[in-house]
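Reading through the structure tokens given below for one structure.
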Amino acid sequence: MKIELTVNGRKQTGEVDASTRLIDLLRMQLGLVSVKEGCGAGECGACTVLLDDDAVCSCIVPAVQAAGHEITTVEGLEADGELDVIQQAFLDCDAVQCGFCTPGMIMSAKALLIKNQNPSRDEIKTALAGNICRCTGYIPIVNAVETAAERMRGGKEE
């Protein structure tokens, strides 16, 4: 069946069946390879995207459930050649190592900061709890989200 959805601000059409997962539509049909498949069971967060500004694991969301909705991937965060404040904070805080988990971490952070631009460290940790990173030890990632939040509120650059 054909579905229509908005991906990174653009209307898109996909050809899916009942077993097509959102990750497969995004990667195979739309070429959005920032969406990584780690576990295929919604446990690692590598495939996290925003569905109407809520973080979801695209490996367990049927593509048909995205019909008529807004999907945002990390590719959709950059605007006019400028990285999103969260992407820049990840770079500035050395929160990127191998990079496999990074898009999912950034999308989980984005979902949090859309709803709460002044999160506590505990709120950040809770928002990122569904994302696994085997490289950084999480401290630089939490620091990056704190930095992004500060910058979004108009605070000084660190």
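Some values worked out for this structure:
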| quantity | calculated |
| --- | --- |
| Debye, to nearest 20: dipole size of the chain, +1 on Lys, Arg Cβ, -1 on Asp, Glu Cβ | 220 debye |
| Helix-only mean residue ellipticity at 222 nm for the chain, each DSSP H run of n ≥ 4 adding -39500 (n - 2.57), per residue, nearest 500 | -8000 deg cm²/dmol |
| Inter-site label distance for Glu37 and Phe100 at 7 Å from Cα along Cβ, in nm | 1.5 nm |
| Dipole moment magnitude, nearest 20 debye, the stretch 1-91 about Cα centre, only Lys, Arg, Asp, Glu C-beta charged | 300 debye |
| Alpha-carbon Debye profile of the stretch 83-136, log10 I(q)/I(0) at 0.18, 0.20, 0.23 Å⁻¹ | -0.56, -0.70, -0.93 |
| Lysine pairs meeting the criterion (Cα under 30 Å, 8 or more apart or interchain), as found in the chain | 14 |
| Kirkwood Rh (inverse of mean 1/r, distinct Cα pairs), the chain, angstrom | 15.7 Å |
| Pair Gln29, Glu123: separation of 7 Å Cα→Cβ label points (nm) | 3.6 nm |
| Gyration tensor verdict on the stretch 65-104 (Cα atoms; rounded if a/c is under 1.5, prolate if a/b is larger than b/c, oblate otherwise) | oblate |
| Sum of side-chain charges, Lys11 neighbourhood, beta-carbon under 14 Å (Lys, Arg +1; Asp, Glu -1) | 0 |
| Potential lengthening between Ala79 and Tyr138 on full extension [0.36 nm per residue; Cα-Cα distance subtracted] | 18.6 nm |
| Surface share of carbon and sulfur [accessible, 1.4 angstrom probe, percent] for the chain | 49 percent |
| Accessible area of the stretch 51-158 divided out per residue, in Å², using a probe of 1.4 angstrom | 50 Å² |
| Cα-based shape type of the stretch 32-91, given that a ≥ b ≥ c are square roots of the gyration tensor eigenvalues and the cut on a/c is 1.5 | oblate |
| Cα pair distances in the stretch 47-130, grouped into 10 Å bins until the bin that holds the longest one, percent each | 17, 50, 29, 4 |
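The values are calculated or read from the model by the stated rules, or taken from the named source; none is laboratory data. The structure displayed is predicted, hence computed values, not measured ones. Cβ sites come from the backbone with ideal geometry, for glycine too, and all protein chains shown count toward neighbours. What goes into the accessible areas is simple: the full protein's heavy atoms, side chains included, and nothing from ligands, DNA or RNA. Shrake-Rupley method; radii C 1.70, N 1.55, O 1.52, S 1.80 Å.
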